[in-house]
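Structure record follows, encoded as structure tokens.
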Amino acid sequence: MSSATVAIPVLNGGPRLQEVLDAVARQRVDREVELLVADSGSTDGSRELAARHGAALVDVPPGGFSHGGTRNLLMERASGEHVAFLTQDAVPASDTWLARLLEAFDLAPEVALAYGPYIPRPDASVMVARELTEFFASLSPDGRPRVDRGLRDEDRRPGPVTFFTDANSCIARSAWERVGFRDVSFAEDQLLATDMLAAGFAKAFVPAAGVVHSHDYPPLERLGRFFDEFRALREVYGHVEKVGVRHTLGTIRRNVARDRAYASARGGGDVTLDALTFHLVRAAGAALGTRADRLPAALRRRLSREGRAGFDPVAGHPPVRL
């Protein structure tokens, strides 16, 4: 019988990590499951909590964490033929989450990656809840698994073909042995999907494999998050967000209207001011992030939620290991 690993990078996971580990323990799946946690120096008891749940622990030295490099380390240490990734605050929404992800590899022999949707937390803002709900629903309007194959030049951009998230995913070890994560600071999952597709593998979206996962930030922290996200889109795809009074204000106005309609349909109150603030901050983060190459390193560091000063465009594709 084949085996699977659930792998989680952790740094001071807090109470949410308990929820994640409990949900992993409840999974109903017809194979042996290994729990693997990479801890980056937690001081809140996260390492001990993982050990009590039977996790094999991988210690990442202080300052040694990177999104791509640490996940490669987890892949190296994992014993499973398939490795499912979560983050420390992405809680499997059902006890069949892992089984649904693993079923994706039976859809076609070339499927190397599977991922599921984010379900917004009950206390998520209208703006975050609406965006997550609409985005993941758009990937599969009929609710069936979606399989993407091949990578045309026009697909090398942000969009459904290249989208992938390792906050809720599963990777075939045999494919990773040929195409691994890049050792990058951000968007390692998008790069992996692009590289896998370019190498001839396929990617599956599984609507039934959801995790409860969403974030709301104060405005300044939100600006930093959007700056980091859109800088990564520029680094990975060369994407530059369109900016102009008519275009930008029109986009903001349409999104505020959609947020108001979403709130109204669910019996909520008026969210106009909150939505306007949210989308103004998003527009600023997108404009600055995709033009990060024009900004001084000191300003990039101040804008970044992660404190990253660099701008590191990705050049070409790594060689496929044969």
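Readers should treat all values here as calculations from the given coordinates under stated rules, not as data from a laboratory. Just so it is clear, the model here is predicted, and its values are computed rather than measured. Using ideal geometry, Cβ is built from the backbone for each residue, glycine included, and neighbour counts are taken over all protein chains shown.
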**Study point:** Ascending count of other beta-carbon atoms within 10 Å, so fewest first, for 75, 196
**Key:** 75, 196
Point to revise | Two-site label geometry, residue 12 and residue 96: point separation in nm, points 7 Å out along Cα→Cβ | key: 3.9
Exercise for review: Taking the chain as the reference, fit the longest principal axis to its C-alpha atoms, fit the long axis of helix 245-265 to the helix C-alpha atoms, and give the angle between the two in degrees, 0 to 90, nearest 10.
Suggested key: 60
Exercise for review: Tell me the trypsin sites (Lys or Arg not before Pro) within segment 105-190 that lie in a loop according to DSSP and have at most 15 other beta-carbon atoms within 10 Å.
Suggested key: 152
Point to revise | Potential lengthening between residue 249 and residue 277 on full extension [0.36 nm per residue; Cα-Cα distance subtracted] | key: 8.8 nm
Check your understanding: Expressed as a whole number of Å, what is the distance separating the alpha-carbon centroids of segment 10-60 and segment 193-234?
Key -> 22
Revision key, fill the gap. Those trypsin sites (Lys or Arg not before Pro) from segment 1-75 that are DSSP loop and have at most 14 other Cβ neighbours within 10 Å turn out to be 26, 28, 31
Review point. For the chain, what is the calculated [θ] at 222 nm in deg cm²/dmol (nearest 500), taking -39500 (n - 2.57) for each run of four or more DSSP H residues and dividing by its residue count?
Key: -12500 deg cm²/dmol
Point to revise | Residue-count net charge about residue 160 - beta-carbon cut-off 12 Å; Lys, Arg +1, Asp, Glu -1 | key: +1
Review point. Arranged by the count of other C-beta atoms within 10 angstrom, fewest first, what order do 153, 216, 189 take?
Key: 153, 216, 189
Review point. Once both labels are modelled 7 Å past Cα along the beta-carbon direction, what's the residue 147-residue 52 spacing in nm?
Key: 4.3
Practice item. Over every pair of different alpha-carbon atoms in the chain, take the mean of 1/r and invert it; report that Kirkwood radius in Å. Key: 20.5
Check your understanding: So, counting K/R as plus one and D/E as minus one, what does the shell of residues with Cβ under 13 Å around residue 297 add up to?
Key -> +4
Review point. Helix 219-237 sits at what angle to the longest principal axis of the chain, using alpha carbons and giving 0 to 90 degrees rounded to 10?
Key: 70
